[in-house]
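The values are calculated or read from the model by the stated rules, or taken from the named source; none is laboratory data. Values in this document were obtained by computation on a predicted structure and should not be read as measured data. Every residue, glycine among them, receives a Cβ derived from its backbone with ideal geometry; neighbour counts consider all protein chains shown.
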Amino acid sequence: MKGLMKKLFNKRIIVSLVILIVLSSVTGYFAAQFYIDRFMIEVQAVTESEERVRDNVNTVLARNSGKLPEEVSATDSFIIAEYNLSKKTSIKKTTSGTVTAAGIKQGLYAEKIFQDGQYYSMKISSGLVSLASRFYYTIGDETIAFYSGTDIQTESAKFPAEPNELYTLAEYKAMYGSPISYFVNYIVSSNTVKEEEFLGKTENNNYKFRVMLDTSFSVMNYSFEIKTTSGSSKLPRFNSIELTFEIDENFNFCEINIDENYDVSIQQLGSMYVGTTGVLTEKYEYDGNFEIPRS
C-alpha cells in the first residue's frame, strides 16, 4: 500500500511538473510573442517608407472638396491643414510647455520660422539641465548651421557669432528624422490614427478635433529627434500620443496641443529606460513679415 501511495505521489509530482512546464511555455510564448510583435512593429516603423505611411494628399483633397471642416474627419482635416501649411510662404510656430522625466520637470520653449526662403529653428530646455540650440538654413544651401547657446533663460539664450557645426542636409535628417522644412513632428494619416473625433467649434469660430496616434509609425521621424536631443543611444519607446488641434474655416492650423508619453534610454543610467511625459502647445502664425533673429 505504501509503495502504491509513493508511486501515486511521485506521479502527481511528475504531472504537476509537466503542467507547470506547459503553462510556463505557453505564458512565455505569449510574453515573447508580445515582445516580438512590438519589437517588429518598431523595427518596421524605422525602415518603412514615409510615403507609404502617409495618405495620398490629392485623394484627400478631392474627396473633401467644398466641405466645411465640421463635415470632414479629424484625420483628413489634419492632412489638409498640413498640406496648406506646406504651401505657405511665411510661417511662424511657437511651442511652449513642459517635459517631465523621472519626476524632473523641464520647461520647453521653441520657435520655428520660414521667411523669404530661409528656415530658422530655436529650442530651449530649461530646468535642472538647460540647453539651447539654433539652426539656420537657406533654400539651395548644402549645409545647415548649428549654434549652441549659453546664459540660458526660459525663452532666450546667448548664441555665438559663428556656428558650432555645419551639417549636411543628410546629416541633419539622420539626426532629427525630418528635413528642417517640416513644421509637424508627427505623421498623421489613416495608417497612424487609432481614434478621432470632432470636438465642436470654439468661441472664436475655429474647429477643434482630437486624434490618438499609434506609437510606432506616427513617430517614425520624430523618434530620431528625441534620441538626439536626449543624448540617448537608442530610440525612445512611445506609449501614447494624443493631439488636440484647432483649424480655421480654411483648414489652416491655429493651435496643436500635444500630450505624449514615452520611455527614454539614459546612457548614464546604464541605458535604463525612464518614463517621460510631454505636454506642449504649438501656435501658428502665417503670412507675416517674421524677423529671423541673428544675435
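Residues are listed down the side, and each one gets a yes or a no for (1) basic (K, R); (2) loosely packed, with under 15 Cβ neighbours inside 10 Å:
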| site | (1), (2) |
| --- | --- |
| K173 | yes, no |
| S232 | no, no |
| S240 | no, yes |
| F251 | no, no |
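Looking for whichever is in the same structural domain as I258 (by TED's automatic domain parsing) and among the aliphatic types (A, V, I, L, M) here; the options are I187, I144. Which one fits?
Only one candidate qualifies: I187.
With assigned to a loop (DSSP other than H, G, I, E, B) and either under 20 Å from I256 (Cβ atoms) or without any contact (Cβ under 8 Å) to a residue 12 or more places away in the chain (or both) as the only criterion, which of K67, K92 stands out?
That would be K67, the only listed residue that is assigned to a loop (DSSP other than H, G, I, E, B) and either under 20 Å from I256 (Cβ atoms) or without any contact (Cβ under 8 Å) to a residue 12 or more places away in the chain (or both).
If I filter region 195-207 for residues that are buried (at least 22 other Cβ atoms within 10 Å of the Cβ), touching an Asp or Glu at 6+ places or on another chain (Cβ under 8 Å) and not in a loop (DSSP other than H, G, I, E, B), do I get at least one hit?
The answer is yes, given that some residue of region 195-207 is buried (at least 22 other Cβ atoms within 10 Å of the Cβ), touching an Asp or Glu at 6+ places or on another chain (Cβ under 8 Å) and not in a loop (DSSP other than H, G, I, E, B).
Would you pick out the residues in region 101-155 that are surrounded by fewer than 20 Cβ atoms within 10 Å (Cβ to Cβ), farther than 19 Å from V264 by Cβ and of a type in the set (D, E, K, R)?
E111, D116, D141, E142, D151, E155 - these are the residues of region 101-155 that are surrounded by fewer than 20 Cβ atoms within 10 Å (Cβ to Cβ), farther than 19 Å from V264 by Cβ and of a type in the set (D, E, K, R).
Scan I226, I247, I266, I258 and give me the residue that is touching a helix residue (DSSP H, G or I) at 6+ places or on another chain (Cβ under 9 Å), surrounded by 17 or more Cβ atoms within 10 Å (Cβ to Cβ) and in contact (Cβ under 8 Å) with a residue 40 or more places away in the chain.
Within the list I226, I247, I266, I258, the selection yields I247.
With respect to R63, is the statement that it is surrounded by 15 or more Cβ atoms within 10 Å (Cβ to Cβ) and either modelled with pLDDT of 95 or more or not assigned by TED's automatic domain parsing to the domain that holds V219 (or both) true?
Judged against the criteria, R63 is not a match.
Looking at R294, R210 in this structure, which one is among the basic types (K, R) and part of a loop (DSSP other than H, G, I, E, B)?
One residue alone meets the criteria, R294.
Are any residues in region 232-258 among the charged types (D, E, K, R) and closer than 24 Å to V274 by Cβ, and if so, which ones?
So in region 232-258, the residues among the charged types (D, E, K, R) come out as 234, 237, 242, 246, 248-249, 255.
Of everything in region 232-258, those that are among the charged types (D, E, K, R) and closer than 24 Å to V274 by Cβ turn out to be K234, R237, E242.
Consider Y207 against the criteria (1) in contact with a strand residue (DSSP E or B) (Cβ under 8 Å, 6 or more places away or on another chain); (2) among the aromatic types (F, W, Y); (3) within 26 Å of K105 (Cβ to Cβ): it satisfies all of them except one. Which criterion is unmet?
(3)
All but one of (1) surrounded by 14 or more Cβ atoms within 10 Å (Cβ to Cβ); (2) outside the structural domain of V184 (by TED's automatic domain parsing) hold for K158; which doesn't?
(1)
Do you know which of the residues in region 166-185 that are of a type outside the set (V, I, T) and in a strand (DSSP E or B) is nearest to N257 (Cα to Cα)?
Y167
Which pairs turn up if I take residues in region 126-143 that are closer than 28 Å to L169 by Cβ and look for partners that are exposed (fewer than 13 other Cβ atoms within 10 Å of the Cβ) and small (G, A, S) with beta carbon separation below 6 Å, at least 6 apart in sequence or on another chain?
I139/G117
Just to check your reading of the model, which residue among I247, I258, I266 is within 25 Å of F146 (Cβ to Cβ), of a type in the set (A, V, I, L, M) and modelled with pLDDT of 95 or more?
I258
Among the residues of region 95-139, how many are of a type in the set (A, V, I, L, M), in a strand (DSSP E or B) and under 20 Å from V279 (Cα atoms)?
Matching residues across region 95-139 total 9.
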